[in-house]
Each structure stands twice: as C-alpha cells, then as structure tokens.
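Data first, discussion second: the structure below is written as structure tokens.
Please treat every number below as a calculation from the coordinates, not as lab data. All of these numbers come straight from a predicted model, not from anything done at the bench. Backbone-built Cβ (ideal geometry, glycine too); neighbour counts: all protein chains shown.
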Amino acid sequence: MANTKVLLTGAAGYIASQLLPTFRERYNLVLVDVTQKNRQGEELKDIVVLDLIDPDRSKYARCFEGVDAVMHLGYKRRGGPNPLEHFFDEKQNVEMAYNVFRTAYEAGVKRVVMASSNHAADWYEHTLIHQRAMEVLDPYTLPLSDNFYGWAKATYEHLGFLFACGGMDFRDASGRERHTGGSLGTARQMGVVMVRIGAPRELDITLYKGDPMTYKRDLGAYISPRDLTQLFSKAIDTAHIENEHGVPWQVVYGISANTRAFWSLANARKVLGYAPEDDSEVKFAKDIHGFLVGDGATGGVGRVGR
C-alpha cells in the first residue's frame, strides 16, 4: 500500500489527526490545508498551504497529478449565530467540494473519498428516530436535512454521484456536443465514497449530566479512532465499489459496531469489508452504569429517545 499515492486535504484538522499516524506508514501522502498548524499549535511542515475554494484550479492542480486517491477532509467553518446566514459559508464548502471532484477527475484520479456527515440526513434523526417512529436509517434513503450544514453535505454526495456515473457531457466552443459520458456511458467513471461521519470523539460523561437522551444518541453515533482509520483505509483500498446499478459510488455511515446504533452499516460491511472493532456500550460501560442503567439511573431504556 505504500506505493498508493493519496492526496489528503484538511491535513491539519481533527479527523486527519486520527488518521495520519497510520496513513503516514500506509500511503505515499500529499498533505494540503490552509495552515500548517494543527489544533495543538504544532507545525506540520510537510503540509502544502493551499486554498481549494479558489476557483482558479491551476493553482493546485499539480497536487492532484499522479495521485491514486484523494481524501477530502477540508472544511471552512461557518460563522455567526444566525442559521439563515450559514448558507454563504456552506456554499463555499460546496464550491470547494466541486473543485476537488473536478480537479481529481481531470487529473485521472481513480478514487475520491470525501468526509460527509450524519447531518446530511439528520431530519430523520431529529423528527423520526428520536420519536421512535423509525428504527434504523439506511444510507440510501433520500438525504434530508433541516440545516445548511447538512444541506452542504448532502450536496457533496450528489456532486460525487455526477462524477461517479460519468455524466460529464459538454459542448465545445463551437457548440458541438462532446460526449464524455452521460447517458451514453462513455465517460470515465471516477470512484467515489462518501463517509457520513458520526461522533469521532471520546464521550466525556461529565458533559452529559442531566441529558441522558443526548448521551444515548452519541453512544449510537460513536466511532473510535481505529475504526475511523479502518473505514477510510478501506474506502481507499477496496477495488470494486459499484452499487446495484453499476455506479462506483457509495455512501456509508462512519460509526463503530455500537449496540445503540441507529444508522445502517450494511453496505459499509458488504461493499468495503468494514469490520469495526469497537462498541461504545463496551468502551464506556463504566460511565453507562449509574447514568443509564443500575441504581439511581434515569436514562430510560432503548437506543434513543426518552
């Protein structure tokens, strides 16, 4: 695997910090971010500082050359308290995702793995799952969100499908139709895996006092660093990722094998061979006892809800 060349964006970020210890040994990496400093203030001098939101793709196209896979973790944080204003920052994140997909496509990259989020379909969670009107959410249920962050992630997923299905027909300067794909199926299909990351953090029980519902939710959404690393590695390395219609495009949930899970891992297991090693119910058993179960517990039964 060391010969596999991987471009990783957002290389100074939180998710990358969990992946890099293994990825540095496993792959030939090209690291890109808008800064060389991670969250701890440490300088990662092998990061190339670039802004992938810039529409002038010639400024960073060289980083995509000769790359086998691109892993896009880059993200511009939204600012301001008004959720109606979040559209503008998230619009730039969508534009960055497009730039990554297009530059990878034009460079002949075979696989793009992109960080989506459980929020791409969080309307179901907020409205149905926690009310126990839905038991498990499949990753191919129409993504619906009630916020602009989730909207952007769902848009990433649809953008990825465009490049995966080979629908890139266009007209040249003379107006003649140039068939690079589309319904004719003659275009290159670039493999795309969208990972809807759950809760990739340690669950500090002191942050949930008086809120057992949120704690149960996060127990279901938890993913450990080693499971996160395994899932992203398999998203890069799995040779064939075609869906039932022959399109090399998968949307998978990024969670561990949690007892309280409410998102399906079926295609992550079947297509990518993902075999999570951790379960939040086991890992946080001491915290769960006394808060959700046992003497004096007030959390109530079940995976989610009250």
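Count neighbours as other Cβ atoms within 10 Å of each site's Cβ, and list the GluC sites (Glu not before Pro) in the stretch 8-95 that are DSSP loop with at most 12 such neighbours. Those that pass, being in a loop and sparsely packed, are Glu42.
In order along the stretch 260-275, the phi-based Karplus estimate (6.51 cos²θ - 1.76 cosθ + 1.60, θ = phi - 60°) of 3J(HN,Hα) comes to 9, 4, 10, 10, 7, 9, 4, 6, 4, 6, 6, 7, 8, x, 5, 10 Hz; Gly and Pro are listed as x. Shown here for the stretch 66-147: chymotrypsin sites (Phe, Trp or Tyr not before Pro) in loop regions (DSSP other than H, G, I, E, B) with at most 16 other Cβ atoms within 10 Å, namely Tyr140. The charge dipole of the stretch 5-88, taken about its Cα centre with unit charges on the Cβ of Lys, Arg, Asp and Glu (plus for the first two, minus for the last two), comes to roughly 100 debye. For the chain, the relative contact order works out to 15 percent when only alpha carbon pairs closer than 8 Å and six or more residues apart are counted.
Think of the chain as a dipole: +1 on every Lys or Arg Cβ, -1 on every Asp or Glu Cβ, centred on the Cα centre; then among Leu44, Pro276, Pro200, Leu44 lies furthest on the positive end. The calculated 222 nm mean residue ellipticity attributable to helices in the chain amounts to -9000 deg cm²/dmol, summing -39500 (n - 2.57) over DSSP H runs of n ≥ 4 and dividing by all residues. Counted over the chain, the DSSP beta bridges are approximately 10% antiparallel. Loop-located trypsin sites (Lys or Arg not before Pro) in the stretch 62-168 (DSSP state not H, G, I, E or B) with no more than 13 neighbouring Cβ atoms inside 10 Å: Arg77, Arg132. Around the amide H of Val251, modelled in the peptide plane, lie the amide H atoms of Met194, all under 5 Å away and 5 or more residues distant in sequence or on another chain.
Computed over the alpha-carbon atoms, the stretch 200-303 gives an Rg to Rh ratio of 1.07, Rh here being the Kirkwood radius from the mean inverse distance.
Here the dipole of the chain is about 220 debye; that uses its Cα centre as origin and unit charges on the Cβ of Lys and Arg (positive) and Asp and Glu (negative). Taking the Kirkwood radius as Rh and the Cα radius of gyration as Rg, the chain has a ratio of Rg/Rh equal to 0.99. Residue-wise HN-Hα couplings along the stretch 69-85, as the Karplus relation 6.51 cos²θ - 1.76 cosθ + 1.60 with θ = phi - 60° gives them from phi, are 8, 10, 10, 9, 10, x, 7, 8, 5, 7, x, x, x, 7, x, 5, 7 Hz; Gly and Pro carry x. Each distinct pair of alpha carbons in the stretch 243-306 adds a 1/r term; the inverse of their mean, the Kirkwood radius, is 13.9 Å. Given their separation in residues at 0.36 nm each and the Cα-Cα distance between them, Lys270 and Gln40 gain 79.1 nm when the chain is fully extended. Between the amide H of Leu137 and those of Trp263, Ser264, distances stay under 5 Å, these residues lying 5 or more places away or on another chain, with hydrogens modeled in the peptide plane. Only lysine pairs 8 or more places apart or on separate chains count here, and in the chain those with Cα atoms under 20 Å apart total 17.
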